[in-house]
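Enquirer: Below: one structure in structure tokens.
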Amino acid sequence: MSAPLFEKVAFIGLGLIGSSLARVMIAENLANQIVASTRSQKTLDDAKALGLIQEGYSDPIEAVKGADLVILALPVRATQKVLESIQPYLSENVILTDVGSTKGNVVDAAKAVFGEHLPAGFVPGHPIAGAEHTGVHAGKVDLFANHKVILTPLPSSADWAVEKLIQLWQAAKAEVICMDVDKHDEVLAHTSHLPHLMAFNLVEQLANREDNLDIFRYAAGGFRDFSRIAASDPQMWHDIFFANKKAILNAVDGFEKQLATLRKLIEDENSQALMGLLGHAQAARQHFNHMLANKPLMEKNKVTTQQFTILPGQKKFQGKFTVPGDKSVSHRSIMFGAIAEGTTHVTGFLEGEDALATLQAFRDMGVSIEGPKNGEVTIHGVGMHGLKAPASALYMGNSGTSMRLLSGMLAAQKFDSVMTGDASLTKRPMERIAKPLREMGALIQTTGERGTPPVSISGSQQLKGIQYDLPMASAQVKSGILLAGLWAEGETAVTEPEPTRDHSERMLRAFGYDVKTEGNRISLQGGGKLVATEIQVPSDISSAAFFMVGAAITEGSDVTLEAVGINPTRTGVIEILKQMGADLTVENERIAGGEPIADIRIRGSRTLKGIHMPEDQVPLAIDEFPALFIAAACAEGQTILTGAAELRVKESDRIQVMANGLKIMGIDCTPTDDGIIIEGKGKAGEWGAIFTGGEIESHHDHRIAMSFSMAGLRTSGEIKIVGTETVATSFPTFTALANQAGLPIQVAE
Ligand code: NAP
């Protein structure tokens, strides 16, 4: 066993916070000896009885003698007095820290006692964790777990002291952040002190009313939630409000200003601006909530896993369904609606995290957006020159589409901007869009290592049109350049080596912008304008594919998938299923928001047959192969796929993961470098079980999970699919729609 981190630890004050840290030290064996000094003998006796300290002293001087760590865990107002008495008795290399909720006044107290030459071991700190109850009995060993602890090292603080304190707090399972003292006090004034002040104030306001009894009796959950923190210790908050007076008064001023704005919007019945403000706040809350909630989920041993179970037995598969909207089109509907003149209504918007990041970015640039609610979004366009500088960096989450397309738009704005993203987006290459934008005159930097985000853009540049030959096919880069071209002088043209998804071109035309496509050359003239329109986001054909396959392998099924996008760059799955003999018809073809859409009807009337999948369809069906492999297993004869090496580098190695699962379920198959050979078990006219059931590992790949779910329509044994939680992000209604159609899927966390 390695030696404890500290020899002797002295707590001055041993209430909620101090005793929680003492509990951690004991559990993690961090100190050879723990002692304390508090005001009352009772606290010391209780602490001894609880086994938290070896010795207790009424005089702090006795406690700190020989200690290599001294922790002030008392009200901040008592700091100076305690420091004055203990100063002559501190060991030479002592680490001296505190846990107070304000930091500026603790540092002032230390300077008053030590003078300008503060001890090297002095490092103020503040755990952002607490509870309404105080005292030595209220402490908990896990109080700090998954919470943040802010250390505010000073110029005089030694690295060794900071490092040891980081180790201490990490042992408490806290996340340690270092910050400067003023920043700490400003941040806390806004995020902790102001909310407490408002909670006390609201309760006081209502308590002073004559009808206060009625008010509290009928108070709803909102009041309970909002006022919970007004139950905190008045003495502590009294001290904090004085200790952090300057920053708190600033925060109160900001609050009053914002409240006056809100008040005026209500007084003037300014519906559009009020919706914009409330929508922006709601979205920001969800956004931050997500950021806050994400952390523990990402911890290795805490990854939530979900499991689907499907029981054997005859099933029908019928009905009319609308699957979620297409992601690419959802992104663009917000971007183009924002810079259009007039109000754009969007239906079928995919409320997934990526498209929501785009939506938030435009709200941050001052665009009033209502929704999304049940897939409906209303965007009050600000025109080509109406975007405003965002207050801080735009956060793009995991969305490469948002970052690449927005690079083009932001390069042409009058203001500077920065885009950041999550850990995965931060690794994706951004130079491929930055380079052509620079050729247009943009000042754009990829400030991460190796041309990765953050992307930093200096505004006020007049861009010039370019003729750009794309070195590799990419719809995102093409779109980013064309979008910059909207503000550029003259013509902007992109020539692509092979056709890529053309959602941007189609939607720009739907917004009344003239975009020319001549072979592989796409061009537009800068200086025009977009006119608001109605956008119906097509249902995503990749999501529809699971239900298409389900219907194709089930006797007597009849499924119609409504308003599915049939953009020619995406329809490989339709062509392949038809070649396999599926009874599939494309009905009611129409155009919506520039995109071709149709209802797709599939009936289970004949057994599929194995084929050599046409290689020219592979890029047009790349995301649909996992589902098509299930169809192939139910077909009569062999199915061969070649030319699909890309499948090995998707969210999982889709060839290997599918082959493993198929084998578990009794299907003979052979994975190859660029495809797979599957021996179909179907027989013409027979509709019995094909799969044996078994436990499938989806590797958290949503498409693998949904594909094997469809195998549940033809299984003789129970199917368990592990790691299905990712389904919710791309297709939140998947299990509900499957259940409705006749395929019951049990979901267990
Ligand atoms: P607590 O439970 O009330 O404990 C305070 C401790 O300090 C008690 O042991 C008390 O002694 C002792 N004490 C009070 N005045 C003293 C004095 N003049 N000289 C010596 N000891 C004195 O308070 P806490 O919640 O642990 O808070 C301690 C510090 O942590 C405060 O600075 C607070 O701002 C900070 N903090 C609190 C929270 C929270 O949510 N509570 C969160 C983060 C940081 P007795 O036991 O003898 O009364």
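Enquirer: Would you pull out the residues with amide H under 5 Å of G666's amide H, same chain only if 5 or more places away, H placed 1.01 Å from N?
Expert: The list, which skips near neighbours in sequence, is T692.
Enquirer: For segment 507-541 and segment 232-285, write down the distance between their C-alpha centroids in whole Å.
Expert: 41 Å
Enquirer: Continuing with the same structure: Pairing the Cα long axis of helix 271-298 with the longest principal axis of the chain, what angle in degrees results, from 0 to 90 and rounded to the nearest 10?
Expert: The angle comes out at about 80 degrees.
Enquirer: Rounded to the nearest 500, what is the chain's calculated 222 nm mean residue ellipticity when only DSSP H runs of at least 4 contribute -39500 (n - 2.57) each, over all residues?
Expert: Calculated at 222 nm, the ellipticity per residue is -11500 deg cm²/dmol.
Enquirer: Mean separation of Cα pairs under 8 Å and 6+ residues apart, divided by the residue count of segment 1-125: what relative contact order is that in percent?
Expert: 24 percent
Enquirer: Now, a different point. Relative contact order (percent) for segment 589-733, with alpha-carbon contacts under 8 angstrom and 6 or more residues of separation?
Expert: That works out to 22 percent.
Enquirer: OK, next. What is the distance in Å between the Cα centroid of segment 427-460 and that of segment 28-90?
Expert: If you average the Cα positions of each part, the centres end up 55 Å apart.
Enquirer: A follow-up question, please. To the nearest 20 debye, what is the magnitude of the charge dipole of the chain about its Cα centre, counting +1 on the Cβ of each Lys and Arg and -1 on the Cβ of each Asp and Glu?
Expert: 220 debye
Enquirer: Which ³J(HN,Hα) values in Hz, rounded to whole numbers, follow from the phi angles of segment 659-675 under the Karplus curve 6.51 cos²θ - 1.76 cosθ + 1.60, where θ = phi - 60° and Gly and Pro get x?
Expert: 4, 4, x, 4, 5, 4, 9, x, 9, 7, 8, 10, x, 10, 4, 10, x
Enquirer: Near the amide H of I128, under 5 Å away, which other amide H atoms are found, from residues 5 or more places off or on another chain, if H is placed in the peptide plane?
Expert: Amide H to amide H, under 5 Å and 5 or more residues apart or across chains, I128 pairs with K148, V149, I150.
Enquirer: How charged is the neighbourhood of E695? Take every other residue with its Cβ under 10 Å from the Cβ of E695, and add Lys/Arg as +1 and Asp/Glu as -1.
Expert: -1
Enquirer: In Å and from the alpha-carbon atoms only, list the Rg and Dmax of the chain.
Expert: Using the Cα atoms of the chain, the pair Rg, Dmax is 31.4, 95 Å.
Enquirer: Still on this structure, please answer the following. Need the C-alpha centroid separation for segment 619-698 versus segment 172-222, integer Å.
Expert: 56 Å
Enquirer: Moving on. For the peptides 505-513, 710-718, what is the packing order when you average, over each peptide's residues, the other Cβ atoms within 10 Å and list the highest mean first?
Expert: Averaged packing, sorted descending, gives the order 710-718, 505-513.
Enquirer: Using mean Cβ contacts within 10 Å as the protection proxy, how do 47-54, 656-663 order, highest first?
Expert: Top of the packing list down: 656-663, 47-54.
Enquirer: Okay, moving on. When a/c reaches 1.5 or more, the comparison of a/b and b/c decides; with that in mind, is segment 612-749 rounded, prolate or oblate per its Cα gyration tensor?
Expert: oblate
Enquirer: Could you tell me how many degrees, from 0 to 90 and to the nearest 10, lie between the Cα long axis of helix 234-243 and the main elongation axis, the longest principal axis, of the Cα atoms of the chain?
Expert: 90 degrees
Enquirer: Once you order the gyration tensor axes a ≥ b ≥ c over the Cα atoms, which shape class does segment 147-295 get: rounded for a/c under 1.5, otherwise prolate or oblate by comparing a/b with b/c?
Expert: Here segment 147-295 falls in the prolate category.
Enquirer: Apply the Karplus parameterisation 6.51 cos²θ - 1.76 cosθ + 1.60, with θ equal to phi minus 60°, to every residue of segment 373-388 and state each ³J(HN,Hα) to the nearest whole Hz, in sequence, with x for glycine and proline.
Expert: 9, 6, x, 9, 9, 10, 10, 8, x, 10, x, 5, 10, x, 5, 10
Enquirer: Of all GluC sites (Glu not before Pro) in segment 66-136, which ones are in loop regions per DSSP and have a Cβ with at most 12 other Cβ atoms within 10 Å?
Expert: Sites meeting the loop and neighbour criteria: E92, E116, E132.
Enquirer: Something else: Among all the lysines, which ones have a C-alpha under 30 Å from K245's C-alpha, if same-chain residues fewer than 8 places away are not counted?
Expert: K81, K103, K111, K148, K183, K257, K264
Enquirer: Report ³J(HN,Hα) in whole Hz for each residue of segment 637-648, in order, from the Karplus equation J = 6.51 cos²θ - 1.76 cosθ + 1.60 where θ = phi - 60°; Gly and Pro get x.
Expert: x, 8, 10, 10, 10, 10, x, 10, 4, 4, 4, 6
Enquirer: Within segment 548-589, what residues put their amide N at less than 15 Å from the label point 7 Å along the Cα-to-Cβ vector of Q314?
Expert: Zone members listed by number: 554-557.
Enquirer: Which far-off residues, 5 or more places away or on another chain, put their amide H under 5 Å from the one on S37, with H placed in the peptide plane?
Expert: Under 5 Å from the amide H of S37: F11, I12, G13, Y57.
Enquirer: With an 8 Å cut-off on Cα pairs and a minimum separation of 6 or more residues, tell me the relative contact order of the chain in percent.
Expert: Relative contact order comes out at 9 percent.
Enquirer: Could you work out, for segment 187-269, what percent of all Cα-Cα pairs fall into each 5 Å distance bin, beginning at 0 Å and stopping at the bin that holds the largest distance?
Expert: 3, 13, 19, 20, 19, 16, 7, 2, 0
Enquirer: While we're looking at this one, here's another question. Where does each of 308-321, 208-221 land if you order them by average Cβ count within 10 Å, highest first?
Expert: With the highest mean Cβ count within 10 Å placed first, the list reads 308-321, 208-221.
Computed from the coordinates by the stated procedures, all read-outs in this text should not be read as laboratory data. In this text the structure is predicted, and so the values were computed from the model without any measurement. Cβ coordinates were reconstructed from backbone atoms using ideal geometry, including for glycine residues, and neighbour counts include every protein chain displayed.
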